[in-house]
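Notes follow once the structure below has been shown.
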Amino acid sequence: MVKRKWKARFLIAGALGAAAMSAVAGQITLYGRTGFQGPNLTTTSTAPNVVRSALNDVASSIVVTSGTWEACTEAYFRGRCALLPP
């Protein structure tokens, strides 16, 4: 498992989606503070709007355990988006 920091504080007013579907959809964990600290959200399924999560609009670090995920700055896969591999 490779841990990856998301330096731009990009994300989560937003959307998360598994970019490629397979037998195992994958897993992603978002953290509210840098260094994989603070409130977190782990999911294995698409989340078109995660604004009601404990992250309150921002993820400062992310771990993609498996799968490739698309993360967007706006809800429902709008705004600036990026693909996140493990």
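The set of residues in segment 31-47 that are open to solvent by less than 80 Å² (accessible area, probe 1.4 Å) and outside any loop (DSSP other than H, G, I, E, B) comprises TYR31, GLY32, GLY38, PRO39, LEU41, THR42, THR43, ALA47. Taking each residue of segment 39-57 that is under 10 Å from ALA75 (Cβ atoms) and looking for partners that are among the hydrophobic types (A, V, I, L, M, F, W, C) and modelled with pLDDT of 75 or more with beta-carbon atoms closer than 7 Å, six or more apart or interchain, yields PRO48/ALA75; PRO48/PHE77; ASN49/ALA75; VAL50/LEU41; VAL51/ALA75.
Just to be sure before I move on: is ALA59 at pLDDT below 70 and in a loop (DSSP other than H, G, I, E, B) in the structure I sent?
no
The values are calculated or read from the model by the stated rules, or taken from the named source; none is laboratory data. Nothing here was measured: the structure is a model prediction, and the numbers come from that model. In this analysis, Cβ positions are derived from the backbone assuming ideal geometry, glycine residues included, and neighbour counts consider all displayed protein chains. Note: accessible area is taken over every heavy atom of the protein model, side chains too, but ligands, DNA and RNA are not part of it. Shrake-Rupley method; radii C 1.70, N 1.55, O 1.52, S 1.80 Å.
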